Amino acid sequence: MNRERIHAGTVGLVFKNGNYTRVITEGKHWIKFSEQVLRCDLSQAFSAPKALEILLKDEVLAAMLTLIDVKDNEIVLVYENKNFKRILTAGRYTFWNSLIDYKFVTADLSKIEITEDISKALYSNMQLRQYIRTFEVAAFEKAIMIVNDTFVKILEHGTYHFWKNEQTIKIAKADMRQLQLEVAGQELLTKDKATVRINFYAQYQVTDIETALMQNKDFEKQLYTILQLALRAFVGAYTLDELLEQKETIAEAVLKNVKTQATKLGVNVLHAGVRDVILPGDMKDIMNQVLIAQKKAQANVVTRREETASTRSLLNTAKLMEDNNMLFKLKEMEYVEKIADKIGEITVAGNGNVIEQLKDIFSVNK
């Protein structure tokens with residue numbers, strides 16, 4: 001007989017002629033010469049030296065073990081003393097249940113949602129992240145979730161985790177902020193066949209993400225086309241002069257026209273405006289000539305009005321002087337003074353009185 005000592009934290013499996021007979025625990029044991037003892041560490045997972053089904057026939061040994069069966073579409077997260085340690089894939093596993101506090105969480109990978117009691121902090125763990133797919137929806141976005149080409153639900157902003165399997169998951173996002181669409185450089189024909197170039201813009205916001213993304217393809221391109229056609233229809237209904245006069249009403253008319261159609265795209269057009277109305281070079285020259293002619297005509301009107309007023313003033317003055325001899329003399333002296341300002345010198349010839357000669361020079365015979 002041999003005396004075997006089993007230390008704390010270990011057990012011994014006794015075999016006779018290669019066949020399992022019993023399990024021995026901490027303490028001293030007498031072992032026959034024909035028996036062998038295989039020591040097992042209770043802090044490690046149990047690795048069966050023989051077929052597990054044979055060993056588990058021993059009820060004492062079976063009570064000391066925890067058996068974990070992992071199916072093909074499953075994984076099992078192993079926690080030791082409340083700390084995550086590893087992942088078990090498909091297969092059968094056994095663990096000693098007396099020394100370490102084990103916890104096993106079984107995850108079904110055949111489904112999409114992660115409903116198991118697993119901390120999100122573990123989603124980035126190297127062992128676990130290979131089984132998880134992650135999607136980000138920004139704070140200003142919403143998204144639709146499509147599983148196997150079927151709409152499932154709308155996702156608000158946040159981070160989403162799903163099990164990775166053969167099912168396909170698509171996430172389509174939409175920006176929920178107020179957005180601006182530019183309809184630039186549109187060359188359009190007016191009613192009188194004049195070509196103008198218009199830069200137009202519209203501000204809009206997605207209101208129904210399911211309608212925008214599921215019921216419409218490229219809703220932004222469709223909105224652009226709707227704005228473009230509405231702008232073309234408005235411009236084509238007016239002559240160039242009428243268009244330039246009603247430039248401020250273009251945005252209002254286009255906005256009113258597109259609102260209903262935009263609703264079918266799942267968006268709301270909030271505001272629209274015209275940046276520029278640009279005329280071709282030759283049209284600019286013509287418009288400039290018209291403007292110059294208009295300004296000249298206005299200047300002529302003003303000139304004629306001033307001339308008429310001046311003539312009327314002269315006529316009134318003449319009537320007053322005709323009736324008042326003193327006023328006539330004052331006016332006469334005013335003109336004499338003006339004439340005298342222009343004369344450099346005055347030569348008086350003869351022996352006559354100087355005063356009388358000057359009087360004769362400036363006198364007016366009536």
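Only one of VAL183, VAL196, VAL206 is free of Cβ contacts under 8 Å to residues at least 60 places away in the same chain and not assigned by TED's automatic domain parsing to the domain that holds ILE87. Can you tell me which? Quick ask: steps written out before the conclusion?
Values: VAL196 fails: free of Cβ contacts under 8 Å to residues at least 60 places away in the same chain; VAL206 fails: free of Cβ contacts under 8 Å to residues at least 60 places away in the same chain.
After ruling out the rest, the residue left standing is VAL183.
Does PHE162 satisfy the criteria of being more than 17 Å from LEU270 (Cα to Cα) and at pLDDT 95 or above? Break it down into steps so the answer makes sense when it comes.
Numbers: more than 17 Å from LEU270 (Cα to Cα): yes; at pLDDT 95 or above: yes.
So PHE162 fits the description; yes.
Here is a list of conditions, (1) surrounded by fewer than 14 Cβ atoms within 10 Å (Cβ to Cβ); (2) under 19 Å from LYS193 (Cβ atoms), and TYR238 meets all of them except one; can you say which number that is?
Here TYR238 clears every test but (1).
From the set of residues in segment 97-118 that are hydroxyl-bearing (Ser, Thr, Tyr) and over 17 Å from LYS82 (Cα atoms), which is farthest from the chain's Cα centre (by Cα)? Spell out the reasoning first.
Kept after step one, since they are hydroxyl-bearing (Ser, Thr, Tyr), are these residues of segment 97-118: 98, 102, 106, 110, 115.
Okay, now just the ones that are also over 17 Å from LYS82 (Cα atoms), so 110, 115.
Details: SER110: 36, THR115: 33 Å.
The qualifying residue farthest from the chain's Cα centre (by Cα) is SER110.
Among the residues of segment 229-273 satisfying the criterion of being hydroxyl-bearing (Ser, Thr, Tyr) and in a helix (DSSP H, G or I), which is nearest to the chain's Cα centre (by Cα)? Quick ask: steps written out before the conclusion?
Step one: of segment 229-273, the residues hydroxyl-bearing (Ser, Thr, Tyr) are 238-239, 249, 260, 263.
Subset that is in a helix (DSSP H, G or I): 249, 260, 263.
Numbers: THR249: 28, THR260: 23, THR263: 19 Å.
Checking each candidate, the answer is THR263.
Inspect segment 140-149 for any residue being in contact with a strand residue (DSSP E or B) (Cβ under 9 Å, 6 or more places away or on another chain) and more than 30 Å from GLN215 (Cβ to Cβ) and give the result as yes or no. Full working, then the answer.
Step one: list which residues in segment 140-149 are in contact with a strand residue (DSSP E or B) (Cβ under 9 Å, 6 or more places away or on another chain), which gives 140-149.
Next, only the ones that are more than 30 Å from GLN215 (Cβ to Cβ) stay: none.
No; the residues of segment 140-149 include none that is in contact with a strand residue (DSSP E or B) (Cβ under 9 Å, 6 or more places away or on another chain) and more than 30 Å from GLN215 (Cβ to Cβ).
Take VAL11 and decide whether it is farther than 20 Å from GLU80 by Cα and in a strand (DSSP E or B).
When the stated conditions are applied, VAL11 does not pass them.
Among the numbered conditions (1) in contact (Cβ under 8 Å) with a residue 24 or more places away in the chain; (2) at positive phi, tell me where GLY91 comes up short.
Answer for GLY91: the failing condition is (1).
Output the qualifying pairs, or none if there are none: Cβ atoms under 6 angstrom, residues six or more apart or on different chains, first residue in segment 1-26 and outside the structural domain of CYS40 (by TED's automatic domain parsing), second residue surrounded by fewer than 18 Cβ atoms within 10 Å (Cβ to Cβ) and modelled with pLDDT of 90 or more.
Here the result reads none, with nothing in segment 1-26 linked to a residue that is surrounded by fewer than 18 Cβ atoms within 10 Å (Cβ to Cβ) and modelled with pLDDT of 90 or more.
Those residues that are of a type in the set (Val, Ile, Thr) and more than 21 Å from ASP276 (Cβ to Cβ), I need them from segment 186-224; list them, please. Break it down stepwise before answering.
Going residue by residue through segment 186-224, those that are of a type in the set (Val, Ile, Thr) are 190, 195-196, 198, 206-207, 209, 211.
Of everything in segment 186-224, those that are of a type in the set (Val, Ile, Thr) and more than 21 Å from ASP276 (Cβ to Cβ) turn out to be VAL206, THR207, ILE209, THR211.
Search segment 24-65 for residues being exposed (fewer than 14 other Cβ atoms within 10 Å of the Cβ) and hydroxyl-bearing (Ser, Thr, Tyr), and hand back the single one that is nearest to TYR93 (Cα to Cα).
SER47
Matching residues to (1) assigned by TED's automatic domain parsing to the domain that holds ASN17; (2) closer than 30 Å to ASP108 by Cα; (3) free of Cβ contacts under 8 Å to residues at least 24 places away in the same chain:
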| position | (1), (2), (3) |
| --- | --- |
| SER34 | yes, no, yes |
| VAL37 | yes, no, no |
| LEU42 | yes, yes, no |
| GLU53 | yes, yes, yes |
| ASP58 | yes, no, no |
| ALA62 | yes, yes, yes |
| THR66 | yes, yes, no |
| LYS71 | yes, yes, yes |
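Inspect all residues belonging to segment 188-206 and state whether any of them is charged (D, E, K, R) and either buried (at least 17 other Cβ atoms within 10 Å of the Cβ) or within 18 Å of the chain's Cα centre (by Cα) (or both).
Pass one, segment 188-206, residues charged (D, E, K, R): 191-193, 197.
Imposing the further condition that a residue be either buried (at least 17 other Cβ atoms within 10 Å of the Cβ) or within 18 Å of the chain's Cα centre (by Cα) (or both) reduces the set to none.
No, segment 188-206 contains no residue that is charged (D, E, K, R) and either buried (at least 17 other Cβ atoms within 10 Å of the Cβ) or within 18 Å of the chain's Cα centre (by Cα) (or both).
Among the listed residues ALA121, ALA139, ALA172, identify the single one that is outside the structural domain of ALA262 (by TED's automatic domain parsing), part of a helix (DSSP H, G or I) and within 32 Å of the chain's Cα centre (by Cα).
One residue alone meets the criteria, ALA121.
The values are calculated or read from the model by the stated rules, or taken from the named source; none is laboratory data. Everything numeric here is computed off the predicted structure, so don't read it as measured data. Don't worry about glycine lacking a Cβ; one is built from the backbone with ideal geometry, like all the others, and counts go over all protein chains shown.
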